[in-house]
Amino acid sequence: MATIKTKNSTAKEEKENLANGSSNDEHTTQRLSAFNNFMNSQWFEQWQETLKNPFRQKKEKKETETPSAEWLISQSIAWQNWWQELAKAVAEDSIEKAQKHIGDFLINAELQKPLISAADTFLELSQHILDFKEFIDYATIALNKKPEWVTPNVVVGKLRCFDLRQFSAEIDKTKSATLVLPPFAGHYSTIADFSEKQSLLKHLMDYGISNVYCLDYHSATKEMQYYNIDDYLAQLDVFVDDIGDHVNLIGLCQGGWFGAIYTARFPQKVKTLVVAGSPIDTKAGDGHLENTVDNASPTFFSNLVKIGQGVMDGRFMVQGFKNMNFVQHYFEKYQRLYKMVKGAQNDEAGLERYENFEIWYENTINLPGKWYEQVIDELFRNNHFVNDEFVALGRKVSPKNITCPVYMLAGDKDDITLPEQVFDMEKYIGTPKEKQAKGLAQAGHIGLFMGRAVLAKNWKEIAEWIIKHQ
């Protein structure tokens with residue numbers, strides 16, 4: 001994916017001029033330097049640590065260097081409100097609101113205390129301003145770009161719930177098709193084809209997998225508000241019939257339990273099943289997501305659907321994921337970004353990764369309200385699938401109905417789907433032990449689907465495992 005540098009060639013040239021001791025920018029304002037000092041100060045890092053544990057005991061007194069605990073708490077609230085308002089402006093696709101909000105920070109003395117310090121020289125101040133221009137462009141990149149598929153493909157099927165994309169240039173009818181089921185949790189399906197170097201679909205083909213397809217979920221409209229899991233299963237079944245029975249299903253996150261339920265309902269149509277970062281046994285372990293569902297009021301999730309007028313707004317989903325790691329998403333992310341644009345020489349590789357991820361993560365799609373409430377109630381709150389109580393297309397299904405070879409992939413740093421929620425699947429399925437395989441990747445949740453090391457090691461092993469069982 002092309003980086004934003006093409007749009008910022010002027011800023012880049014100005015920064016290079018500054019490095020050589022020259023500048024044409026005569027209309028600078030000193031208050032911008034406060035942002036640079038804040039994002040790069042040792043105090044900021046100490047403040048982050050204090051936010052994580054604001055009531056820790058002080059081992060030594062540093063009244064002149066370290067703000068008081070009361071001040072830190074008040075500032076953390078102020079900054080939380082500021083970032084949330086900025087996120088709201090971004091979510092509303094309002095560049096004008098976002099820029100105004102940033103401007104409010106720059107002239108808000110209360111927010112800046114005690115961060116304000118003047119630049120030592122005009123040259124330093126000019127550099128800060130150019131850095132800040134680039135920072136804002138990257139921080140708001142998701143307002144201007146949407147996720148795109150990077151590997152050549154063609155849409156070969158279109159239904160209300162999703163499209164079917166064919167990635168293999170040629171189809172070998174003597175071999176089984178492999179269908180990737182991406183997550184359906186508020187983000188675009190392009191996570192399976194994240195970037196040129198981090199595309200699961202491309203890696204599968206490079207590793208020898210034939211006839212590769214992928215679902216591309218549509219954002220739910222108001223007309224789709226009553227669609228439930230059965231609607232998605234029925235449309236998946238249409239595509240499976242189109243590409244040939246005995247498919248290899250690869251389910252990522254939600255796509256994993258979706259594929260498992262489909263396999264339990266139509267075991268004769270699935271040759272192998274791979275689940276990656278998929279919560280099959282939602283009650284296993286002590287996960288944040290499961291605890292949130294268990295501790296929420298019975299009407300909490302249905303009220304979110306009502307706010308969305310019948311659909312679950314993808315922005316609510318992303319907000320929930322962000323709140324699981326608040327400091328990372330609202331502070332550390334922007335500090336890392338500012339360090340990448342600081343100075344005449346940018347961290348180009350880091351900025352490309354940042355841009356690719358930001359465009360995917362901050363753009364969202366909506367889910368049908370009925371589908372979402374069914375997932376929360378039947379799968380997460382009551383664990384119906386594992387308990388043999390889930391009804392799929394008019395028939396009660398059980399994991400015991402799954403008898404094909406199954407591969408389970410989990411991440412050791414995954415805080416969305418705990419490894420035990422994936423691996424406990426082996427307790428319930430009917431697949432013989434000798435046809436089961438497991439892999440624990442060194443990755444978090446999203447890294448399971450696009451991390452370079454995981455693609456190079458774990459998915460190569462999975463591809464070899466699929467070929468072995470053809």
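Listed by first and then second residue, the pairs linking a residue in the stretch 335-354 that is assigned by TED's automatic domain parsing to the domain that holds Arg452 to a residue that is among the β-branched types (Val, Ile, Thr), with Cβ atoms under 8 Å apart and 6 or more places separating them unless they lie on different chains, form an empty list. Could you run through the stretch 242-274 and say how many residues are in contact with a Cys (Cβ under 8 Å, 6 or more places away or on another chain) and of a type in the set (S, T, N, Q)? The number of residues fulfilling the criteria is 2.
I need the helices (runs of 4 or more DSSP H) fully contained in the stretch 196-275, keeping only those with at least 2 residues that are β-branched (Val, Ile, Thr).
Values: elements: 200-206, 229-243, 254-265.
Helices (runs of 4 or more DSSP H) meeting the threshold: 229-243, 254-265.
Which residue out of Lys468, Lys396, Lys438 is within 28 Å of Met205 (Cβ to Cβ) and without any contact (Cβ under 8 Å) to a residue 24 or more places away in the chain?
Numbers: Lys396 fails: within 28 Å of Met205 (Cβ to Cβ); Lys438 fails: without any contact (Cβ under 8 Å) to a residue 24 or more places away in the chain.
It is Lys468.
I need a count of the residues in the stretch 289-323 that are at negative phi and outside any helix (DSSP H, G or I). So the count comes out to 8.
Just for the stretch 233-255: of the residues that are within 23 Å of Gly394 (Cβ to Cβ) and within 22 Å of the chain's Cα centre (by Cα), which one is surrounded by the fewest Cβ atoms within 10 Å (Cβ to Cβ)? Here the answer is Gln254.
Here Thr190 meets each of (1) farther than 17 Å from Thr272 by Cα; (2) over 17 Å from the mean Cα position of the chain (by Cα); (3) of a type outside the set (D, E, K, R) with one exception, condition (2).
Look at (1) within 28 Å of Pro267 (Cβ to Cβ); (2) touching a helix residue (DSSP H, G or I) at 6+ places or on another chain (Cβ under 6 Å); (3) not polar (S, T, N, Q) and you find that Ala443 fails only one, number (1).
Can you say whether Tyr407 is assigned by TED's automatic domain parsing to the domain that holds Ile429, in a strand (DSSP E or B), of a type in the set (Phe, Trp, Tyr) and crowded, with 18+ Cβ neighbours inside 10 Å, as far as the supplied structure shows? When the stated conditions are applied, Tyr407 passes them. Restricting Asp388, Asp286, Asp281 to residues that are at pLDDT 95 or above, loosely packed, with under 15 Cβ neighbours inside 10 Å and either in a loop (DSSP other than H, G, I, E, B) or in contact with a Pro (Cβ under 8 Å, 6 or more places away or on another chain) (or both) narrows the list to Asp388. Out of Leu273, Leu252, I need the residue that is more than 25 Å from Leu304 (Cβ to Cβ) and among the aliphatic types (A, V, I, L, M). Which one? Result: Leu273 is the single residue among Leu273, Leu252 that is more than 25 Å from Leu304 (Cβ to Cβ) and among the aliphatic types (A, V, I, L, M).
The values are calculated or read from the model by the stated rules, or taken from the named source; none is laboratory data. Bear in mind the structure is a predicted one, so any value in this text is a computation, not a measurement. No Cβ is skipped: glycine too gets one built from the backbone with ideal geometry, and neighbour counts run over all protein chains shown.
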